[in-house]
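One structure is given below, encoded as structure tokens.
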Amino acid sequence: MIDMSVINLVTSLIVGIAAFWAYSQAKAEPPTKEIVCACAVVILLVSFVWFVVSAPWFLNLALLAALMAIGK
């Protein structure tokens, strides 16, 4: 169960990196730093959301507990 969540996290990250690489190869000029940072943030957010959605309930509960502990 945990292995499947980690595989989903890595898979979405690889797909995002491949999409960005294809985009950067298709353009004549290299992307600016702002575009690179924006793509990196989007890739990380999508990967994290995909990980949370695909994670089993006990991982989500542990993540919620950790976020609540940090917030106090």
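None of the figures in this text is laboratory data; all of them are computed from the coordinates on show. Since the model is a prediction, treat every value here as computed from it, not as a measurement. Quick reminder, even Gly has a Cβ in these numbers, built from the backbone with ideal geometry, and neighbours come from all protein chains shown.
General remarks:
- Label separation (PHE58 vs TYR23): 3.8 nm, computed from points 7 Å beyond Cα along the C-beta direction.
- Using the Cβ-Cβ distance between GLU34 and ALA66 with R0 set to 22 Å, the FRET efficiency works out to roughly 0.10.
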